[in-house]
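Reviewing the structure listed below.
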Amino acid sequence: MAGAGGGGNDVQWCFSQVKGAIDDDVAEADIISTVEFNHSGELLATGDKGGRVVIFQQETENKSQPQCRSEYNVYSTFQSHEPEFDYLKSLEIEEKINKIRWLPQKNAAQFLLSTNDKTIKLWKISERDKRPEGYNLKEEDGRYRDAATITTLRVPVFRPMDLMVEASPRRVFVNGHTYHINSISVNSDNETYLSADDLRINLWHLEITDRSFNVVDIKPANMEELTEVITATEFHPHQCNTFVYSSSKGTIRLCDMRASALCDKHSKLFEEPEDPSNRSFFSEIISSISDVKFSHNGRYMMTRDYLSVKIWDLNMENRPVETYQVHEYLRSKLCSLYENDCIFDKFECCWNGNDSVVMTGSYNNFFRMLDRSQRRDVTLEASRESCKPRQVLKPRRVCAGGKRKKDEISVDSLDFNKKILHTAWHPQENIIAVATTNNLYIFQEKMN
Amino acid sequence: MDVEAKRIMALSISKLYSLRTQRGGLKLHRSLLLSMTMRAARDIYHTAQLLRDAEEEQVVPCAPDAAPEEPMEISKDSPQTLTPKEVAMKPQETVEEDKENRCASERHSRKRRGKTALETDFLPLKKAKMETDEEKQHLQGEVLRTNNGNSCRQAETLTAFPTNRTIVAC
């Protein structure tokens with residue numbers, strides 16, 4: 001497929017696949033907590049609350065049938081993190097995978113970083129499709145041969161075997177964080193990466209596990225003076241000295257590691273003045289940024305707060321260049337959303353391959369596609385009811401109040417337990433992965 | 001408005017308490033947002049209460065300008081007087097994982113009782129409401145018990161209490 005990853009509303013999205021259990025009774029361990037394509041888009045990784053990582057691989061395309069979609073099938077499954085207990089602090093450490101980030105591929109093996117609240121691990125995923133046979137001293141099952149029976153000498157040879165995909169932990173980065181790790185980001189130098197918790201950001205070298213550099217520390221001397229925490233961090237896609245971090249107060253700071261070793265002092269501060277007409281008890285909570293992502297070209301960054309997505313030009317600090325409302329109809333419902341804790345949900349966002357469209361999730365298994373170039377947006381739904389192969393997704397509308405039109409759904413009918421927090425877009429093609437609570441939906445562009 | 005504020009305050013406090021028993025340890029971000037919301041609601045509620053109390057006290061408006069001035073002064077002061085109390089209350093709301101702050105929260109453990117007594121009004125149902133007199137006595141008792149001059153931080157809370165009593169009395 002030749003798609004440039006572009007187009008938003010010219011693109012019609014079709015159902016491709018759904019992964020995960022069908023029954024409504026969701027096991028907590030199966031709740032998907034992160035989704036990430038690798039740099040080529042061939043592999044798609046998911047992490048769940050049970051500490052497992054599942055990797056799907058795109059089938060090699062059938063060139064003779066260009067209309068035949070390449071499907072993602074399970075490639076590898078492994079237990080990345082286990083629940084732990086910190087005896088010193090009497091705290092349980094959850095095994096939930098908070099983030100997965102792929103390393104760019106250097107050789108035949110694939111590498112990814114996965115993290116829970118406290119520990120980051122580097123996993124090597126490699127294929128084995130041959131094995132040596134014909135040892136002199138051992139039988140094929142591994143038992144040692146009786147030396148007296150050995151009368152000839154032979155050279156072992158490699159013979160093909162069924163493909164086996166092995167995942168092995170190559171590095172374990174421990175004890176870097178006192179607070180809960182919320183994000184990791186691999187540097188474009190492919191040697192270092194950042195990890196951030198609520199108050200600190202550390203710089204690690206991929207080869208070195210026993211120490212890291214602390215580059216940002218916002219912990220006040222007196223914890224009673226704490227007013228904001230770090231919510232996400234990301235390296236610039238091309239400039240290996242630049243990274244950003246977002247805060248619970250709705251600000252983003254850009255830091256340059258060339259300026260000083262400790263980047264407490266930012267190079268740029270991105271902040272939009274608050275609209276006083278929107279002030280409420282919950283203004284603080286809804287302004288907290290849940291995700292920050294650089295565009296692929298490195299000129300923009302996108303932030304997600306509870307109700308909106310904002311696009312910032314890195315050269316303009318005082319306001320975003322674009323603001324999109326994700327679900328403005330929720331603004332009058334903030335009190336109820338505070339009661340049921342939904343107001344604390346952390347939605348992620350992502351760019352398409354050529355930075356023309358952004359995507360983010362919402363409630364009722366809705367997700368939003370926001371076309372920057374055409375200034376249009378669409379709401380789609382990930383549902384088992386639209387699961388026929390190549391079924392085109394119908395746009396959804398939410399009725400904020402007043403008379404509900406046909407095909408619209410009213411705000412009060414929305415299911416707030418069905419939330420799409422994690423989405424990912426293939427780096428080159430119009431293929432998206434959307435995670436509902438425990439299912440992973442894959443949608444593709446409709447082919448004519 | 002203040003009914004709403006009171007409800008949000010009670011909700012926030014119960015959420016903060018339940019945070020402590022959650023698996024995975026205390027979430028700093030969540031507890032920060034909860035305590036900020038709780039404080040915003042509490043400020044509104046207290047301001048509304050002060051205004052109401054001041055209105056009730058107006059028996060004869062002899063100087064029509066003087067009467068509205070009084071509540072204004074009090075409400076202007078209240079954010080300031082609340083701040084040292086906030087400072088004292090905050091360690092209880094955010095459970096410290098750090099050793100350096102652990103001693104501080106332990107020292108405040110006695111004060112916690114006083115704070116709970118103060119807020120029985122706002123916690124949903126379970127605890128019996130204490131009468132204002134009893135409350136005052138209880139607070140006074142607290143002041144006497146903790147007044148051993150060991151830490152300057154406790155001195156801060158001591159100054160907060162008299163102010164609070166002043167508000168209640170007026």
Only one of (1) within 12 Å of another protein chain (Cβ to nearest Cβ); (2) without any contact (Cβ under 8 Å) to a residue 12 or more places away in the chain; (3) exposed (fewer than 13 other Cβ atoms within 10 Å of the Cβ) fails for A:E224. Which number is that?
(3)
Taking A:S168, is it more than 14 Å from chain B (Cβ to nearest Cβ), crowded, with 16+ Cβ neighbours inside 10 Å, part of a strand (DSSP E or B) and not basic (K, R)?
no
Determine which single condition A:P83 fails, assuming it passes every other condition in (1) surrounded by 13 or more Cβ atoms within 10 Å (Cβ to Cβ); (2) away from chain B (no Cβ under 14 Å).
(2)
Which of the numbered conditions does A:E429 fail, given that it passes all the others? Conditions: (1) assigned to a loop (DSSP other than H, G, I, E, B); (2) charged (D, E, K, R); (3) surrounded by fewer than 19 Cβ atoms within 10 Å (Cβ to Cβ).
(3)
Filtered residue count, segment A:270-302, keeping only those that are free of Cβ contacts under 8 Å to residues at least 60 places away in the same chain and within 30 Å of B:R42 (Cβ to Cβ)
19
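Taking segment A:310-346 as the search range and keeping residues that are of a type outside the set (S, T, N, Q) and in a strand (DSSP E or B), which one is nearest to the other protein chains (Cβ to nearest Cβ)?
At the first step, the residues of segment A:310-346 found to be of a type outside the set (S, T, N, Q) are A:310-314, A:316-317, A:319-322, A:324, A:326-331, A:333-335, A:337-339, A:341-346.
Next, only the ones that are in a strand (DSSP E or B) stay: A:310-313, A:322, A:324.
Numbers: A:K310: 19, A:I311: 24, A:W312: 22, A:D313: 27, A:E322: 26, A:Y324: 23 Å.
Restricting to residues being of a type outside the set (S, T, N, Q) and in a strand (DSSP E or B), the top hit is A:K310.
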Looking only at segment A:139-165, filter to residues that are outside any loop (DSSP other than H, G, I, E, B) and hydroxyl-bearing (S, T, Y); which one of those is surrounded by the fewest Cβ atoms within 10 Å (Cβ to Cβ)?
A:T149
Of the conditions (1) at pLDDT below 95; (2) outside any helix (DSSP H, G or I), the single one that A:E224 does not satisfy is (2)
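Any residue that is under 17 Å from the mean Cα position of the chain (by Cα) and under 19 Å from A:H426 (Cα atoms) - is there at least one of those in segment A:86-99?
So the first thing to find is which residues in segment A:86-99 are under 17 Å from the mean Cα position of the chain (by Cα), and the list is A:95-99.
The next check asks that each one be under 19 Å from A:H426 (Cα atoms); those that pass are A:99.
So far as segment A:86-99 goes, yes, one or more of its residues are under 17 Å from the mean Cα position of the chain (by Cα) and under 19 Å from A:H426 (Cα atoms).
Being under 23 Å from A:R397 (Cα atoms), touching a residue at least 12 places away in the same chain (Cβ under 8 Å) and touching a strand residue (DSSP E or B) at 6+ places or on another chain (Cβ under 6 Å) narrows it down to one residue among A:Y324, A:Y306; which is it? It would help to see each step written out before you state the result.
Values: A:Y306 fails: touching a strand residue (DSSP E or B) at 6+ places or on another chain (Cβ under 6 Å).
Selected residue: A:Y324, the only one of A:Y324, A:Y306 that is under 23 Å from A:R397 (Cα atoms), touching a residue at least 12 places away in the same chain (Cβ under 8 Å) and touching a strand residue (DSSP E or B) at 6+ places or on another chain (Cβ under 6 Å).
With A:A232, A:A261 as the choices, which residue is out of contact with any helix residue (DSSP H, G or I) (no Cβ under 8 Å at 6 or more places or on another chain), among the small types (G, A, S) and farther than 24 Å from A:I286 by Cβ?
Numbers: A:A232 fails: farther than 24 Å from A:I286 by Cβ.
A:A261 is the lone residue from the list that is out of contact with any helix residue (DSSP H, G or I) (no Cβ under 8 Å at 6 or more places or on another chain), among the small types (G, A, S) and farther than 24 Å from A:I286 by Cβ.
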Out of all the residues in segment B:5-24, which are surrounded by 20 or more Cβ atoms within 10 Å (Cβ to Cβ) and at the interface with chain A (Cβ under 10 Å from one of its Cβ atoms)?
B:A5, B:I8, B:M9, B:S12, B:K15
For segment A:203-215, indicate whether the set of residues that are surrounded by 11 or more Cβ atoms within 10 Å (Cβ to Cβ), in contact with a His (Cβ under 9 Å, 6 or more places away or on another chain) and of a type in the set (G, A, S) is non-empty.
yes
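In segment A:204-217, is there at least one residue being out of contact with any strand residue (DSSP E or B) (no Cβ under 6 Å at 6 or more places or on another chain) and within 14 Å of chain B (Cβ to nearest Cβ)?
Here is the first cut: in segment A:204-217, the ones out of contact with any strand residue (DSSP E or B) (no Cβ under 6 Å at 6 or more places or on another chain) are A:206-208, A:210-211.
Still in the list and also within 14 Å of chain B (Cβ to nearest Cβ): none.
No: segment A:204-217 contains no residue that is out of contact with any strand residue (DSSP E or B) (no Cβ under 6 Å at 6 or more places or on another chain) and within 14 Å of chain B (Cβ to nearest Cβ).
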Inspect segment A:62-79 for any residue being of a type in the set (K, R) and either at pLDDT below 85 or out of contact with any strand residue (DSSP E or B) (no Cβ under 7 Å at 6 or more places or on another chain) (or both) and give the result as yes or no.
yes
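The values are calculated or read from the model by the stated rules, or taken from the named source; none is laboratory data. Quick caveat: nothing in here was measured; it's all calculated off a predicted structure. Because the Cβ atoms are built from the backbone with ideal geometry, glycine has one as well, and the counts that use them run over all protein chains shown.
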